[in-house]
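Every number in this text was worked out from the coordinates using simple rules, so none of it is lab data. Just so it is clear, the model here is predicted, and its values are computed rather than measured. As a convention, Cβ positions derive from the backbone with ideal geometry for all residues, glycine included, and neighbour counts pool all protein chains shown.
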Amino acid sequence: MKNLVAGNWKMHLSPREVAGYAGRFAPETANLVGTVDLLVCPSFPALPAAVAAFRGTHVAVGAQNMHQELSGAYTGEVSGAALVDLGVGWVILGHSERRHVFGETDALVLAKLKRAHELGLKAIVCVGELLEERDRGETEAVLRRQFSESLGGAGPALVTKTTLAYEPVWAIGTGRTATPETAQEAHRFLRGLLEKALGAASEGVRILYGGSVKPDNAAELMAQADVNGVLVGGASLDPEGFAAIARAGA
Ligand code: PGA
């Protein structure tokens, strides 16, 4: 299975900065075609510029969130149908900042996941424990709950088409990466949940690691048996650094 190296730009990089980024990132990674899958996820206003800048390249474009309804009186929200209209192919769902800063629940993430699949958007569903949950020894219980309630409820056919991301909340934006062994342990646990839910088809589901991934730790993380790529925040804002991470995944 090829690794997926995905960049989550969060609320950074304005529309006018996208073309410059693409002009540096796409050529730097052109020789990786076929060896690794690449994805960037800009903020909503930067999506049209990103779709235009990466058109015809090997770099896919995704959104960081979407609403579960197709349209309606939801001021300030963005419909998945509008993303499809723009030519966006992917969407991140249930990122820890969505869950913990904006209060998204597992049930909401599941509703969004179902809609994303219905629209033909490829989804990355994020799960991961808080530091206090890890310290209390609840990591597996949290992952099991998030897996079954924000993903498992979608049914096997849909789970097979979903990408999972393990992002321990204590490692996001903190510079404190999970060690490759800690990451592998959680990924192995998630792989087991996938096996129970899907049987042999579970082997085709990628599990990304996210949380302070940098050019100097990416290779070691992706060398783990059940780590099938990375979801990169801060380090994806620098096109050369992100290209180095892409090479680590190739
Ligand atoms: P980080 O963010 O790489 O800046 O820790 C990862 C994420 O939130 O997806």
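What about residue 173, is it in contact (Cβ under 8 Å) with a residue 24 or more places away in the chain and under 20 Å from residue 226 (Cβ atoms)? Judged against the criteria, residue 173 is not a match.
Taking the conditions (1) over 27 Å from residue 97 (Cα atoms); (2) among the polar types (S, T, N, Q); (3) within 16 Å of the ligand (Cβ to nearest atom) in turn, residue 35 satisfies each one other than (3). One residue stands out among those in region 218-238 that are surrounded by fewer than 21 Cβ atoms within 10 Å (Cβ to Cβ) and assigned to a helix (DSSP H, G or I): the one that is nearest to the ligand (Cβ to nearest atom), which is 234. Taking region 91-107 as the range and being within 16 Å of the ligand (Cβ to nearest atom) and without any contact (Cβ under 8 Å) to a residue 60 or more places away in the chain as the test, the residues that pass are 91, 93, 94, 98, 99, 101, 102, 104. Residue pairs whose Cβ atoms lie under 8 Å apart, separated by 6 or more positions or on different chains, with the first residue in region 45-74 and without any contact (Cβ under 8 Å) to a residue 60 or more places away in the chain and the second of a type in the set (Ser, Thr, Tyr) and in a strand (DSSP E or B), are 66/79; 67/79; 69/79; 70/79; 71/79.
May I ask you to list the residues in region 108-131 that are within 16 Å of the ligand (Cβ to nearest atom) and either without any contact (Cβ under 8 Å) to a residue 40 or more places away in the chain or more than 15 Å from residue 67 (Cβ to Cβ) (or both)? I'd like the intermediate steps shown before the answer.
Kept after step one, since they are within 16 Å of the ligand (Cβ to nearest atom), are these residues of region 108-131: 109, 123-131.
If the condition is that a residue be within 16 Å of the ligand (Cβ to nearest atom) and either without any contact (Cβ under 8 Å) to a residue 40 or more places away in the chain or more than 15 Å from residue 67 (Cβ to Cβ) (or both), then 124, 125, 126, 127, 128, 129, 130, 131 are the ones that fit.
Would you check if residue 76 is farther than 13 Å from residue 124 by Cα, out of contact with any strand residue (DSSP E or B) (no Cβ under 6 Å at 6 or more places or on another chain) and crowded, with 22+ Cβ neighbours inside 10 Å?
On the way: farther than 13 Å from residue 124 by Cα: yes; out of contact with any strand residue (DSSP E or B) (no Cβ under 6 Å at 6 or more places or on another chain): yes; crowded, with 22+ Cβ neighbours inside 10 Å: no.
For residue 76, the condition - farther than 13 Å from residue 124 by Cα, out of contact with any strand residue (DSSP E or B) (no Cβ under 6 Å at 6 or more places or on another chain) and crowded, with 22+ Cβ neighbours inside 10 Å - is not met.
Of the helices (runs of 4 or more DSSP H) that lie entirely inside region 75-145, those containing 2 or more residues that are within 25 Å of residue 56 (Cα to Cα) span 80-86, 106-118.
The set of residues from region 1-32 being of a type in the set (S, T, N, Q) and closer than 20 Å to residue 97 by Cβ comprises 8, 14.
Take the residues in region 184-217 that are among the basic types (Lys, Arg) and either in contact with a strand residue (DSSP E or B) (Cβ under 6 Å, 6 or more places away or on another chain) or assigned to a helix (DSSP H, G or I) (or both); name whichever of them is nearest to the ligand (Cβ to nearest atom). Show your work before the answer.
Our first condition is that a residue be among the basic types (Lys, Arg); within region 184-217, this holds for 188, 191, 196, 206, 214.
Right, trim to either in contact with a strand residue (DSSP E or B) (Cβ under 6 Å, 6 or more places away or on another chain) or assigned to a helix (DSSP H, G or I) (or both) and you get 188, 191, 196, 206.
Details: 188: 21, 191: 20, 196: 26, 206: 15 Å.
Across region 184-217, the extreme among qualifying residues is 206.
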